[in-house]
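Below is one structure, written out as structure tokens; comments come after it.
Quick note: the coordinates plus some simple rules give every number you see, no bench work behind them. The shown structure was predicted, so the numbers you read here are calculated from the model rather than taken from an experiment. In this analysis, Cβ positions are derived from the backbone assuming ideal geometry, glycine residues included, and neighbour counts consider all displayed protein chains.
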Amino acid sequence: MAPVFTVRTYEPADEVGWVRCRVLSFLDSAFWHAVEREKEHYVHPSIELVAEDEGAIVGLLDVECETPALAERPGAGGMIWHLAVHPDHRRRGIATALLNEAERRACERGLARLEAWTRDDAHVQHWYESRGFVRVDGYLHVYLERDDLRQFDGELRLVKAFAHYTGERPDEIRQRYARVHDDVLYEKQL
């Protein structure tokens, strides 16, 4: 049976559906805490897509083109900031259809590559790798809880914080803190 969803350009009227889809999509991932109340708007040119099924937003993909973060590697690139599929609509080829359309549009804009940061959800990393992305960088995303922050006690009391760890002792950091994620940068040449 052919997919019944449609991939199209995001429109401002899609914002509520976009936010709902993103929130629900991230709840069972390592990004479960990354709740957004509105859709991000981009400074640079972007490719913003949604997958729609019977009037509902069931998937989304945003690529910002030529951001300063992409200048570190040669060739024009685009950063995938958001890629999500509503949990009730997974395994229907929605993410792949969104990526295929984003790649087509990226090539039309003259981009040489796409990049995407993701966490240590194995199925997500496998999905990117199975679509031609390769790991090019990474660091640890460390969540610090109250007991980790006691040194800041006083008038200002930190309750929670997170940090990026880029040092040479990742195993030590994983043992020391309860919630540590690998943040991984994937890249695909177009």
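For D121, state whether it is in contact with a Ser or Thr (Cβ under 6 Å, 6 or more places away or on another chain) and not hydrophobic (A, V, I, L, M, F, W, C). Against the criterion (in contact with a Ser or Thr (Cβ under 6 Å, 6 or more places away or on another chain) and not hydrophobic (A, V, I, L, M, F, W, C)), D121 qualifies.
How many residues does region 90-112 hold that are crowded, with 20+ Cβ neighbours inside 10 Å and either among the aromatic types (F, W, Y) or in a helix (DSSP H, G or I) (or both)?
6
The set of residues in region 125-147 being closer than 12 Å to V184 by Cβ and outside any helix (DSSP H, G or I) consists of F133, V134, R135, V136, D137, G138, Y139, L140, H141.
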